[in-house]
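K.L.:
Here it is: the structure, laid out below.
The values are calculated or read from the model by the stated rules, or taken from the named source; none is laboratory data. Not measured: the values here are computed from a predicted model. Cβ coordinates were reconstructed from backbone atoms using ideal geometry, including for glycine residues, and neighbour counts include every protein chain displayed. Areas reflect the complete protein model, heavy atoms only, side chains present, ligands, DNA and RNA absent. Shrake-Rupley method; radii C 1.70, N 1.55, O 1.52, S 1.80 Å.
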Amino acid sequence: QVQLVESGGGLVQAGGSLRLSCAVSGSIFSINSMGWYRQAQGKQRELVARRTTDGSTNYADFVKGRFTISRDNAKNTVYLQMNSLVPEDTAVYYCNADIQPRSWSAALNYWGRGTQVTVSS
């Protein structure tokens, strides 16, 4: 069974940094892309950053220059380095991945359970 396991969330003061990790566990054939989304209380879930296997990245405007997504393909892990955090970054951060479980199967979209990031002012 494929699972995405996030770690690295927590409480940090404004201006601080956090690094989130998301590891894919289970038997898989390939991962097409991995990324991070966030959902603040009372708001819709939104894209933060995404990275494909070939290294292409896509960032939301509100994190450009502050957050960096990276990926270790050998470890099936994606990271989100978050710097210069502001209280508006407070949210549950979710890992997302497009994974092909078997060579003959179509890619499926998977979500992690989320990790809370709280930025105090």
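K.L.:
Please go through segment 39-95 and give me each residue that is under 12 Å from the mean Cα position of the chain (by Cα) and among the aromatic types (Phe, Trp, Tyr), ordered by number.
P.N.:
Within segment 39-95, TYR59, PHE67, TYR79, TYR93, TYR94 qualify.
K.L.:
For segment 61-105, which residues satisfy the criterion of being open to solvent by 10 Å² or more (accessible area, probe 1.4 Å), more than 20 Å from ASN32 (Cβ to Cβ) and among the small types (Gly, Ala, Ser)?
P.N.:
If the condition is that a residue be open to solvent by 10 Å² or more (accessible area, probe 1.4 Å), more than 20 Å from ASN32 (Cβ to Cβ) and among the small types (Gly, Ala, Ser), then GLY65, SER84 are the ones that fit.
K.L.:
May I ask you to verify whether ALA49 is in a strand (DSSP E or B), in contact (Cβ under 8 Å) with a residue 40 or more places away in the chain and among the small types (Gly, Ala, Ser)?
P.N.:
The answer is no for ALA49.
K.L.:
Say we look at segment 106-121 and pick out the residues that are part of a loop (DSSP other than H, G, I, E, B), at negative phi and in contact with an Asp or Glu (Cβ under 9 Å, 6 or more places away or on another chain); which of these is surrounded by the fewest Cβ atoms within 10 Å (Cβ to Cβ)?
P.N.:
If we take residues in segment 106-121 being part of a loop (DSSP other than H, G, I, E, B), at negative phi and in contact with an Asp or Glu (Cβ under 9 Å, 6 or more places away or on another chain), then ARG113 is surrounded by the fewest Cβ atoms within 10 Å (Cβ to Cβ).
K.L.:
Could you tell me which numbered condition VAL24 fails, if it satisfies all but one of (1) open to solvent by 60 Å² or more (accessible area, probe 1.4 Å); (2) within 16 Å of the chain's Cα centre (by Cα); (3) in contact (Cβ under 8 Å) with a residue 60 or more places away in the chain?
P.N.:
VAL24 satisfies every listed condition except (1).
K.L.:
Now for a different question. Kindly provide the set of residues from segment 31-51 that are farther than 16 Å from TRP111 by Cα and either among the polar types (S, T, N, Q) or open to solvent by less than 40 Å² (accessible area, probe 1.4 Å) (or both), ordered by number.
P.N.:
Once the filter is applied, which keeps residues that are farther than 16 Å from TRP111 by Cα and either among the polar types (S, T, N, Q) or open to solvent by less than 40 Å² (accessible area, probe 1.4 Å) (or both), segment 31-51 yields ALA40, GLN41.
K.L.:
Here is a further query. Kindly list the number of the only condition in (1) hydroxyl-bearing (Ser, Thr, Tyr); (2) touching a strand residue (DSSP E or B) at 6+ places or on another chain (Cβ under 7 Å); (3) at pLDDT 95 or above that fails for THR53.
P.N.:
Result: THR53 passes all but (3).
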